[in-house]
Amino acid sequence: MPDFRSYHERAPQSLGEQITLSPEESNHLVAANRARVGDPVSLFDGLGCECEARLVEANKRKAVVEVLGISEVPHPDHCIALAQALPKGKLIESIIRKASEIGAQQIFPIVSQRCEAKIDERKQDTKNAKWSAAALEGAKQSGNPHLVEVKAVSDLHSFLEQSQSFELKLVASLEPQALSLKQQLATYSSNHSGKRPSSAICLVGPEGDFTPEEYRAAADFGFLSTRLGPHVMRSETAAVHALSLLHYEITGI
């Protein structure tokens, strides 16, 4: 029997509680996924609460599920984040979905000098809604119980000022002196009594890369020039590749 997955922002309080899903989630569950009364539904709130439930009213505008079991998934003891210079088109939505699937906790969309994408402040609310929807899609598809936090768009300097709390800060780089991610982690471990960082962020540039001045600014804030492989990657490929490598190297899984 299929196992459907739905989001509800409020965690259930008790077994047997009946919860009415939002119109969007109802339509996705009943109309798109064709769930029927009696089908099992995995319900989550994006903050670590996971519930076993069953569909009791298959209404595509206000589906109702009954809670059969409640569990809490602890938040990871590490934080992996991505700072992404905005790519053109809808690529940022794809990056957000994949970052959620990988298990990133935070995404910082940034505008750098060579970004082709332009942000219209009049449409920012629409952009935020689409990005939140992409984060939710990634969590639903992958079974991630924690929604990735997508920050407000900022310029590069404002982001750099926000990055101080991360233990390891990397910038994906094509510079000749850039070290591999493995080398950077080995250096970190050597300087910190063999331990791995509990928080790490990777800064990925736009299609035209960062300017030399932007690389220097990142270095001034402690970002380490890091080579992601022997080949030049598209911006969205670099983002997913960097997060995958960081997740493996920091968590071991």
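Structure notes:
- Qualifying residue in region 176-187 (condition: out of contact with any Leu (no Cβ under 8 Å at 6 or more places or on another chain) and among the aliphatic types (A, V, I, L, M)): yes
- Considering region 18-63, and only residues there that are among the aliphatic types (A, V, I, L, M) and surrounded by fewer than 17 Cβ atoms within 10 Å (Cβ to Cβ), the residue that is nearest to E137 (Cα to Cα) turns out to be A32.
- For region 157-183, the candidate set comprises residues that are modelled with pLDDT of 95 or more, among the aliphatic types (A, V, I, L, M) and closer than 16 Å to A239 by Cβ; within that set, the residue that is surrounded by the fewest Cβ atoms within 10 Å (Cβ to Cβ) is V171.
- Residue check: F223 meets all listed conditions (1) in contact with a helix residue (DSSP H, G or I) (Cβ under 7 Å, 6 or more places away or on another chain); (2) touching a residue at least 24 places away in the same chain (Cβ under 8 Å); (3) not β-branched (V, I, T) but one, namely (1).
- Residue in region 146-161 that is closer than 25 Å to E101 by Cα and in contact with a Cys (Cβ under 9 Å, 6 or more places away or on another chain) present: no
Rundown of residues vs (1) at pLDDT 95 or above; (2) in contact with a helix residue (DSSP H, G or I) (Cβ under 6 Å, 6 or more places away or on another chain); (3) not polar (S, T, N, Q); (4) not assigned by TED's automatic domain parsing to the domain that holds L243, yes/no style:
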| site | (1), (2), (3), (4) |
| --- | --- |
| C49 | yes, no, yes, yes |
| A53 | yes, no, yes, yes |
| E57 | yes, no, yes, yes |
| R61 | yes, yes, yes, yes |
| V65 | yes, no, yes, yes |
| L68 | yes, no, yes, yes |
| G89 | no, no, yes, no |
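- When S225, S199 are checked against the criterion of being touching a Cys at 6+ places or on another chain (Cβ under 9 Å), assigned by TED's automatic domain parsing to the domain that holds L246 and over 19 Å from I95 (Cβ atoms), S199 stands alone in meeting it.
- Scan region 155-206 for residues that are touching a strand residue (DSSP E or B) at 6+ places or on another chain (Cβ under 6 Å) and assigned to a strand (DSSP E or B) and the total you get is 13.
- Residue match in region 103-119 (condition: assigned to a loop (DSSP other than H, G, I, E, B), more than 10 Å from the chain's Cα centre (by Cα) and small (G, A, S)): yes
- Within region 30-80, tally of residues that are among the basic types (K, R) and in contact (Cβ under 8 Å) with a residue 60 or more places away in the chain: 0
- Subset of region 24-53 (residues that are in a strand (DSSP E or B) and closer than 11 Å to S6 by Cα): P40, V41, S42, L43, F44, E50, C51, E52, A53
The values are calculated or read from the model by the stated rules, or taken from the named source; none is laboratory data. Quick caveat: nothing in here was measured; it's all calculated off a predicted structure. Neighbour counts run over all protein chains shown; Cβ positions are idealised from the backbone, glycine included.
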